[in-house]
Amino acid sequence: MSWIKGIKLLLNDFVYKAPRSLNEALKLIREEDAKVLAGGHSLIPLMKLGFASPESLIDIGKLEELQAIEETNGVLTVGSCVSYRALFESEMVKSYVPLLSKVASQVGDPQVRARGTVGGSLVHGDPASDIAGAILALDATVELVSLNGKGDIVKRKVPAREFFVGFLETVIEDDEILHSISFKNKCHKFSFQKITRREQDWAIVGVAVAQSMHGIGIGLVNLASKPVYLDIKKYEDISELDPEGVSLLLDSVIDPPADIYGDAEYRRHLAEVLLLRCLKEIKETT
Amino acid sequence: MTELSFILNGGEVKISVDDNELLCDVIRDKFNLKALNVGCDTSSCGACTVLLNGVGVKSCTVLAQQVESQEVETLEGLSKDGELHPVQKAFKEKHGLQCGFCTPGMIMQGVSLLNGSNELSESEIRIGIEGNICRCTGYQTIVDALLLAQCEINK
């Protein structure tokens, strides 16, 4: 239970554990009411506001194998505990999926980017997450790990498009840890557009588009209760997409929220404008 | 209580902390270093910014135990041998403060920003302090101070 003393927000009592290996971490998270802690920039604010009050926190932020960025057989793999800062500073990420670099450089503010992690953001499952929009557009694969009956680590691969289930809800199970995100397609044609009132704010609406030799992917930020993937497979050439086509496409997948920054109709309008801007930018990229 | 050891302003420190204690509270209450302020307490305002391994972070959203064996620097650690850090001098010179509440966080984020090797433009400096809010809205003199500090550091 979290409470307010004076004006200071306090965290509930919990036991903090910093396992030395992934195996140990996977054992510890099987305990009752355990939560995984990476950078803490989604979880700690939630705990302060009383939305989460775990019995124990399992800190995986220092596990080296979750900090790796590597390329094997043409597939780029980014560890779940890579910070936004490390992500946009990585030359490998920039040369492979520059959309991810660009998005990472615009999340939150510099201090948040120094601590917040890509995996932490994804498992939090915020519909307004920029990174979620990017991994949807890039057709990434999310790799989850858990222990089987014998105590061995087993992997489960989930396409990003199937990862988000609902508001702050993903397919990850209580005994799983997000290990890494992998990108099998190099992708140099991309665009990311978002509207915020202030630099550090969450996107009122964001749109990420990536075009590789395998097609176009579109990720929509803050336009429904979860990050949304927009399928445009039936259009062979994006130049076929006019404002009316875009409008119809969007209507089939979005259900925009309403808050002090705008009502649903305003967000719908922004989505259309931003998607057209993205498509225009991609068309102009040679 | 757990035994925690880390480097604070260049010296190794050891202290007992509760598992749910935040870095900002340990620095203010246990080490009595009161420069950093807790403003919003929800990682928005940046008043609690300290350097963790040389990079600005919001200490209201870091558990004390997450800094085990790491280097933490607060405003109190900036001056060397009685000489103010160039960023501190520049804030004084350009009057980069009004009420002063956001100042320690602004200075620490400024130091983090100017630690990089690239020469920053005015707009890059503005973006670099996007996570620090000055409720007096005295941003212009803060940006002037950071531009001056950059000149001094690169001299």
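The values are calculated or read from the model by the stated rules, or taken from the named source; none is laboratory data. All figures in this text were calculated on a predicted structure; none of them were measured in a lab. Because the Cβ atoms are built from the backbone with ideal geometry, glycine has one as well, and the counts that use them run over all protein chains shown.
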Problem - Residues within region B:1-60 that are basic (Lys, Arg) and under 25 Å from A:ARG85 (Cα atoms), tallied - result: 1
Exercise for the section: Tell me which residues, restricted to region A:248-265, are farther than 12 Å from A:ALA224 by Cβ and surrounded by 15 or more Cβ atoms within 10 Å (Cβ to Cβ). Expected result: A:LEU249, A:TYR261, A:GLY262
Practice task
Identify, from the list B:HIS95, B:HIS85, the residue that is within 26 Å of B:GLY11 (Cα to Cα), more than 14 Å from chain A (Cβ to nearest Cβ) and out of contact with any strand residue (DSSP E or B) (no Cβ under 9 Å at 6 or more places or on another chain).
Solution key: B:HIS85
Exercise for the section: Please go through region A:47-68 and pick out each residue that is small (Gly, Ala, Ser), at pLDDT 95 or above and out of contact with any Gly (no Cβ under 8 Å at 6 or more places or on another chain). Expected result: A:SER56
Exercise for the section: Residue by residue through region B:40-51, note down the ones that are out of contact with any His (no Cβ under 9 Å at 6 or more places or on another chain), crowded, with 24+ Cβ neighbours inside 10 Å and at the interface with another protein chain (Cβ under 7 Å from one of its Cβ atoms). Expected result: B:GLY46, B:THR49
Handout entry: Every residue from region A:74-119 that is within 14 Å of another protein chain (Cβ to nearest Cβ) and of a type in the set (Val, Ile, Thr)
Key = A:VAL107, A:VAL112, A:THR117
Fill in the blank from the handout: Within region B:52-70, the residues that are surrounded by 16 or more Cβ atoms within 10 Å (Cβ to Cβ) and either of a type in the set (Gly, Ala, Ser) or assigned to a strand (DSSP E or B) (or both) are B:LEU52, B:VAL55, B:GLY56, B:VAL57, B:LYS58, B:SER59, B:LEU63, B:ALA64
Handout entry: Pair list, Cβ under 9 Å, 6 or more apart: region A:266-282 residue more than 11 Å from A:LEU220 (Cβ to Cβ) and surrounded by 16 or more Cβ atoms within 10 Å (Cβ to Cβ), other residue at pLDDT 95 or above and basic (Lys, Arg)
Key = none
Problem - Selected residue (only one of A:GLU24, A:GLU71 is assigned to a strand (DSSP E or B), modelled with pLDDT of 95 or more, away from chain B (no Cβ under 13 Å) and out of contact with any strand residue (DSSP E or B) (no Cβ under 6 Å at 6 or more places or on another chain)) - result: A:GLU71
